[in-house]
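Quick notes on the structure that follows.
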Amino acid sequence: MSEQQTIEATAANDGVKKAPATFRAILGEKIGMTQIFHPKDQNLYGVTVVKAGPCPVLRVKTAESRDGYNAVQLGFGTRKDKSCDRSEIGQFKAAGAAPAKHVREIRAANLAGLEVGQTVTVDTVFKTGDYVDVQGICKGKGFAGVMKRHNFKGLPASHGASDKQRSPGSLASRRSLGRVMPGQRMAGHMGNVTTSTIKIEVVAVDAENNLIYLAGAVPGPRGGLVTIFETVKNKKVRVDTVKSTIKKDKMGNIIKAAAKPGAAKK
């Protein structure tokens, strides 16, 4: 039995109609960070724990329909009916799903086999060794100066500099156009923007608890919503290289290992 057939059989036993494994995206909630040993190389990794899914498929948009593009609407989390308006309740009822706390639309080129009413689960989407991209809203830092916001060095703190150590310095605003150009690095609001972290390795997947362990940090605070995609980079899966024990000389000839002294002769 193939892996896809095993997944479909398990889904049938659980009474959940799972989405096909060709769809590589899922919504999740950032739990926090911890340390675990990698199951392959047994090295200690600092990982981010994300509770990913289950995410019901609420709507499937195709380029042939009136929408004009390919996308999937996923739900994540739960909330009460009284916190939803009538249009949202109608959408959830049409999809046969409970009211979701978060609804996000994901652009996807391959929608083969996706239907309304299916559920995207973490065990069908990703496995250990996959590389993923994680998108979320980073932490808001409030109003920050140029040293914190743009990593400016700062001005000298000696020779009567007074309180100018963290000042941005001259803007050269009288030069050329005589105004501050757009994009000038200055003090301002920092954080609270959509951020993506590219090519993170999936260290482990806990299908029973809907948890996925990602190597390194991901955007957002604890409890923040994140979207996990298959990486856009060319290398999608970790490939472990095995070093050969055969030694060769410069000409490519195999070097035979010298017999150990005292070894028994056959």
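Values quoted throughout were computed directly from the atomic coordinates according to the rules given, and no laboratory measurement underlies them. Nothing here was measured: the structure is a model prediction, and the numbers come from that model. Glycine also receives a Cβ, built like all others from the backbone with ideal geometry; neighbour counts cover every protein chain displayed.
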Both in Å, the radius of gyration and Dmax of the C-alpha trace of the chain are 26.7, 91
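Just round it to a whole percent: the fraction of Cα-Cα distances in segment 89-156 exceeding 14 Å. Walk me through the numbers before you get to the answer.
Details: 1804 of 2278 pairs.
Pairs farther apart than 14 Å: 79 percent.
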Farthest towards the positive end of the dipole of the chain, among C84, V203, F126 and with Cβ unit charges of +1 on Lys and Arg and -1 on Asp and Glu, lies the Cα of V203
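Could you rank the peptides 129-139, 86-96 by their average count of other C-beta atoms within 10 Å per residue, with the highest value first? Please report the intermediate quantities before stating the final value.
On the way: 129-139: 19.2, 86-96: 13.1.
Going by the mean number of other Cβ atoms within 10 Å, highest first, we get 129-139, 86-96.
Find how much the distance from F152 to Q165 grows on full extension, using 0.36 nm per residue of separation minus their present alpha carbon separation; answer in nm with one decimal.
Values: separation 13, 0.36 × 13 = 4.68 nm, distance 1.07 nm.
Full-extension gain reported as 3.6 nm.
Nearest 500 deg cm²/dmol is fine: what mean residue ellipticity at 222 nm does the chain get from its DSSP H runs of n ≥ 4 alone, each adding -39,500 (n - 2.57), divided by its residue count?
On the way: 4 runs with 31 residues, N = 266.
Helices in the chain give a 222 nm mean residue ellipticity of -3000 deg cm²/dmol.
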The percentage of Cα-Cα pairs in segment 62-108 separated by more than 18 Å is 35 percent
Cα-only Rg/Rh for segment 23-105 with Kirkwood Rh rounds to 1.14
Neighbours of R222 by Cβ distance under 15 Å: Lys/Arg at +1, Asp/Glu at -1, summed charge +2
Rounded to one decimal in nm, the spacing of the 7 Å Cα→Cβ label points at R238 and K250 is 3.8 nm
Phi-derived 3J(HN,Hα) across segment 54-65 with the Karplus relation (6.51, -1.76, 1.60, θ = phi - 60°), rounded Hz, x for Gly and Pro, is x, 10, x, 7, 8, 7, 10, 9, 10, 5, 7, 7
log10 I(q)/I(0) for segment 102-229, Debye formula on C-alpha points only (no solvent), q = 0.09, 0.10, 0.16, 0.17 Å⁻¹, two decimals, reads -0.49, -0.57, -0.94, -1.01
Segment 141-190, Kirkwood Rh and Cα Rg, ratio Rg/Rh at 1.03
Answer in debye to the nearest 20: the dipole magnitude of the chain about its Cα centre, from +1 Lys/Arg and -1 Asp/Glu charges placed on Cβ, is 1540 debye
Final fewest-first order of L58, L214, L114, L44 on the 10 Å Cβ neighbour count is L44, L114, L58, L214
